[in-house]
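The block underneath contains the structure these notes are about, expressed in C-alpha cells.
The values are calculated or read from the model by the stated rules, or taken from the named source; none is laboratory data. Owing to the predicted nature of the structure, the values given are computational and were not obtained by experimental measurement. We place every Cβ from the backbone using ideal geometry, glycine too, and count neighbours over all the protein chains shown.
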Amino acid sequence: MATTKSKKETKSSSVTKRTITIRLKKGVIACPPSQRATVNGLGLKNREQVKTLENTPAVRGMIKKVLHLVEVVSETR
C-alpha cells in the first residue's frame with residue numbers, strides 16, 4: 001500500500017525558514033540589566049559571537065531593543 005503525504009506535510013517541507021544572523025559587536029558590562037537579559041535571550045554571550053536565529057517578530061523586537069550592541073550580518077527571505 002502506497003503512503004501519500006497530506007497537503008499540510010508537503011507544504012511545510014517546501015517552505016524554507018527565514019533566518020537572521022547577528023553578531024555582538026560591543027560588550028554588555030556597562031549595560032542596564034534589561035539589555036543584558038535581552039542579549040542573553042538572543043543567545044549571545046561573548047563579543048564578536050555570531051548567532052543565526054529564526055526571523056520572527058519577537059526576535060526582531062529583541063534586536064531593535066539592543067541595536068546599538070548587535071550588528072545584523074545577514075538576513076534570508
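Taking the criterion of being among the hydroxyl-bearing types (Ser, Thr, Tyr), at pLDDT 95 or above and exposed (fewer than 15 other Cβ atoms within 10 Å of the Cβ), the residues of the range 13-36 that qualify are Thr19, Ser34.
If you take the residues of the range 37-77 that are among the basic types (Lys, Arg), touching a residue at least 24 places away in the same chain (Cβ under 8 Å) and over 11 Å from Leu24 (Cβ atoms), which of them is surrounded by the most Cβ atoms within 10 Å (Cβ to Cβ)? Break it down into steps so the answer makes sense when it comes.
Just the residues of the range 37-77 that are among the basic types (Lys, Arg), to begin with: 45, 47, 51, 60, 64-65, 77.
Right, trim to touching a residue at least 24 places away in the same chain (Cβ under 8 Å) and you get 51, 60, 65, 77.
Now narrow it down to the ones that are over 11 Å from Leu24 (Cβ atoms): 60, 65, 77.
Working: Arg60: 14, Lys65: 16, Arg77: 6.
Checked the range 37-77; the qualifying residue surrounded by the most Cβ atoms within 10 Å (Cβ to Cβ) is Lys65.
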